[in-house]
Structures are given as structure tokens and as C-alpha cells.
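**Q** My structure is below; once you've seen it, I'll send some questions.
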Amino acid sequence: MSTRRDFLNLTVAATAVGALASSASAQAPAAGPGRPIPPAGGDALRLVTFAPDGSSAPKLGVVRSDGRVIDLSRASVPGFDPARMVSLIEAGPAALDAVRRAAAAGDGPQVETVRLLAPIPAPTRNIYAVGWNYLEHFAEGQAVRGTNMEYPAHPVFFTKGVNTVNGPYDPIPYDPEVSTAIDWEVELAVIIGTGGRNIKEADAMSHVFGYSVINDTTARDMQIKLHGGQWFKGKSLDGYGPIGPWIVPASDLDPSNLHLLTRVNGVVKQDASTQQMYFKVPRIIAELSHGLTLVPGDIIATGTPPGIGNARKPPEFLKPGDIMETEIVGLGTLRNVIQAVPV
């Protein structure tokens, strides 16, 4: 496991978003790694954590619709630590308004010349996640398991370890001694802004800071065959949670009908809408916070639609050299190469 962790540490030191692997660059689309994919309307605020180069410490920034990255540490926006996204989240609406003004007035490099990290690169708490939140995904899983369960009356929760967090354009490690059944799961990520416990469903949306794209990448062999069939370990391998490329504030995006897509080597594998979510965002927050305190910066992955590799006939899994693209139209796109861990 130390080799796997070392592999991820090496990727953090990479100098260019576009240089993931030579096999990836040969298949790179026009809107490749680092290049902004504007949200609908083009005026949503896109909050990023970025490194100007491979040796620089992470900074907070805004990616404007013209592709410029505004460095908030140079914009003299008061009230929060310009190196920590959670600090901005905790600072509240006034700080976010100041960021909007700074983004409109500032200037900076093109986004493809910097390295975008996960918006919250090192969360202090596990990622919360919802299982079986799309009826067709539940059904495809039933077919694989050969069971006839009733659909749960309440959301099914699990967590992903903090070291799953990976950058929006960084490689996902492939170690055959750990797993050879790596699967994809596009999901909408909800970022909590105002913490709370026993949050009422009617009040839940006021606790949301914003949204991002996450792939709940999963080691199916480990999830299904090992550790008693529980989900935590198979979903918590290092690097198995690419997220980003930015956070869009809740005021700038309606999460109720977003188009979700997963592509592997350009082929669409998942294609659905958040409209199909069985438990909507307010219900998820209300049930998760029942007796459990949520804090600013908590990340909630809201479930994946049908189309996973494990449910295909025959099953399909990611292998070294594959390019996994995770997109929520109008929000952003992740692009991760599956890369073999050095022996």
C-alpha cells in the first residue's frame, strides 16, 4: 500500500494538467484537461483550488467564463484563508459576494496553464455517500446479486475515506494486487455550507454551499467478494474519488434536473438526469443529519444512475490506459486516466 500512496504523492507534484500520460494526450478532446467547460449561461461562479506550477502551494481561485483563473490570494479578499476552500465556505455569503467582485475585476493566467486540484484537496472528514438512489441502478444491482429486495424506505448511507479524494484531471491508480475490477459511478456532489444537526427537510437547501462533480470509483471485487460484502473498503481505496473541477455555489445552479454522463475512451456508459434521483437533496440532508452533525465543507455524493460496468453483460472494468470522463452538463467534467502503479 505504500507504493500506491507514493504513486498518488507523485501525481500531486506533477507540473501540468495536460500531461497525464502520452496515451491520454493522443485521445484528448478539444476541451481537454484544464480547459473550462462553461456552465449554462456562462456566468456561474466556479471556485477552484489550484497550483500555479508543480512546486507551488495550493491557492483558491475563480475560473471565469473567459478561461482566466483569478488568484484570490492576490485579490485581497478579506475574511478567509485564501489557501483553504473550507475557510471560504465557513466565511459565509459576504465573503462569497466579495469573491464575485474580485473575480469580475481581476485578471490571471489561462486555466490550462495551471494545475487544478480537488476543490477540497484534504478533507478532514470522510465523504458521505448515498447508495441505490436511482431505481434503475438498484434494479441492475439486483440482477447481478440475484436478490429480490424491496427498495429501501430511507436513504442508504456509507462513507469514502479521505484519501480517496483525487484531482479532476489526475490519474487513478491501478494495482492488480489490490483490484482488477475498477468501476465507474458518476454522481452529483453536494457541499455543505452551514452545519447543523436534525436539519428539517424544508430547511435543508439553506445548508448547501454548492455543487461539484464526483466519481465514486469502486473496486467491485473488493466490494462484493471481500470484507463481508460491505461497501466501505471497496469504495475507499486511495485516489478512488476524483472530484471537481470546481464548486459552483448553490445560488448559481439548480440541481433538480442536471444531465449526468460517464464516458470511457469516448464511449458513453452512463447517461441520466438528477431528476431521476429517488431521494432528492433535501431529503438526503435531512436524513443524514438526523442525530448526526454536519459541518461546513462536508461532501455528500448523492448516488449514481444505471450503466455501471459490473452490471453489463459481460461485465466491463477499467484498465490501465483507459480515460474515464465524468460530466455533469452545465457543472463540469472530470477526466482521469487509469494508470498502472509502478512496481
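The values are calculated or read from the model by the stated rules, or taken from the named source; none is laboratory data. Computed from a predicted model, the values in this text were never measured in an experiment. Every residue, glycine as well, gets a Cβ built from its backbone with ideal geometry; the counts of neighbours run over all protein chains shown. Remember, those area values only see protein heavy atoms, side chains included, never the ligands or the DNA or RNA. Shrake-Rupley method; radii C 1.70, N 1.55, O 1.52, S 1.80 Å.
**Q** Need the failing condition index for G309 against (1) farther than 26 Å from G92 by Cβ; (2) open to solvent by 10 Å² or more (accessible area, probe 1.4 Å), just the number.
**A** Result: G309 fails condition (2) only.
**Q** Would you mind telling me which numbered condition in (1) buried (at least 21 other Cβ atoms within 10 Å of the Cβ); (2) on the phi > 0 side of the Ramachandran plot V248 fails?
**A** Every listed condition holds for V248 apart from (2).
Each row is one residue, and each column tells you yes or no for (1) of a type in the set (F, W, Y); (2) at pLDDT below 90; (3) open to solvent by 10 Å² or more (accessible area, probe 1.4 Å).
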site	(1), (2), (3)
R101	no, no, yes
G108	no, no, yes
A118	no, no, no
P121	no, no, yes
L135	no, yes, yes
A139	no, yes, yes
N148	no, yes, yes
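**Q** Given the structure, is S273 of a type in the set (S, T, Y) and within 18 Å of G193 (Cα to Cα)?
**A** no
**Q** Let me spell it out: the conditions are (1) of a type in the set (A, V, I, L, M, F, W, C); (2) in contact with a helix residue (DSSP H, G or I) (Cβ under 8 Å, 6 or more places away or on another chain); (3) open to solvent by less than 30 Å² (accessible area, probe 1.4 Å), and V178 meets all of them except one. Which number is the exception?
**A** (3)
**Q** Further question on the same structure: Can you name the number of the only condition in (1) at pLDDT below 95; (2) crowded, with 22+ Cβ neighbours inside 10 Å that H227 fails?
**A** (2)
**Q** While we're here: In the stretch 316-343, how many residues are farther than 30 Å from A250 by Cα and at pLDDT below 95?
**A** 3
**Q** Another question about this same structure. Output the number of residues of the stretch 38-64 satisfying the condition of being open to solvent by 50 Å² or more (accessible area, probe 1.4 Å), at pLDDT 90 or above and of a type in the set (S, T, N, Q).
**A** Qualifying residue count, the stretch 38-64: 0.
**Q** Hey, any hits in the stretch 201-208 for a residue that's on the phi > 0 side of the Ramachandran plot and not basic (K, R)?
**A** No; the residues of the stretch 201-208 include none that is on the phi > 0 side of the Ramachandran plot and not basic (K, R).
**Q** Taking the residues in the stretch 67-76 that are open to solvent by less than 50 Å² (accessible area, probe 1.4 Å) and part of a loop (DSSP other than H, G, I, E, B) as candidates, determine which candidate is modelled with the lowest pLDDT.
**A** So, considering only residues that are open to solvent by less than 50 Å² (accessible area, probe 1.4 Å) and part of a loop (DSSP other than H, G, I, E, B), the one modelled with the lowest pLDDT is A75.
**Q** Test G79 against the stated conditions and say whether it is surrounded by fewer than 20 Cβ atoms within 10 Å (Cβ to Cβ), part of a loop (DSSP other than H, G, I, E, B) and in contact (Cβ under 8 Å) with a residue 12 or more places away in the chain.
**A** yes
**Q** Go through the stretch 47-66 and give me each residue that's assigned to a strand (DSSP E or B) and either more than 13 Å from D107 (Cβ to Cβ) or in contact with a helix residue (DSSP H, G or I) (Cβ under 8 Å, 6 or more places away or on another chain) (or both).
**A** Hits for the stretch 47-66 are L47, V48, T49, F50, A51, K59, L60, V62, V63.
**Q** With respect to S212, is the statement that it is among the polar types (S, T, N, Q), over 18 Å from T333 (Cα atoms) and crowded, with 20+ Cβ neighbours inside 10 Å true?
**A** no
**Q** Enumerate the strands (runs of 3 or more DSSP E) found wholly within the stretch 281-343, keeping only those where 2 or more residues are in contact with a Pro (Cβ under 7 Å, 6 or more places away or on another chain).
**A** The strands (runs of 3 or more DSSP E) meeting that bar are 332-340.
**Q** Working only within the stretch 249-274, note down all residues that are of a type in the set (D, E, K, R) and in a helix (DSSP H, G or I).
**A** D252
**Q** Check whether at least one residue in the stretch 84-94 is open to solvent by 40 Å² or more (accessible area, probe 1.4 Å), touching a Gly at 6+ places or on another chain (Cβ under 7 Å) and within 27 Å of T218 (Cβ to Cβ), and report yes or no.
**A** The answer is no; no qualifying residue exists.
**Q** Determine if the stretch 278-297 includes at least one residue that is under 27 Å from L60 (Cβ atoms), open to solvent by 50 Å² or more (accessible area, probe 1.4 Å) and modelled with pLDDT of 95 or more.
**A** There is at least one residue in the stretch 278-297 that is under 27 Å from L60 (Cβ atoms), open to solvent by 50 Å² or more (accessible area, probe 1.4 Å) and modelled with pLDDT of 95 or more.
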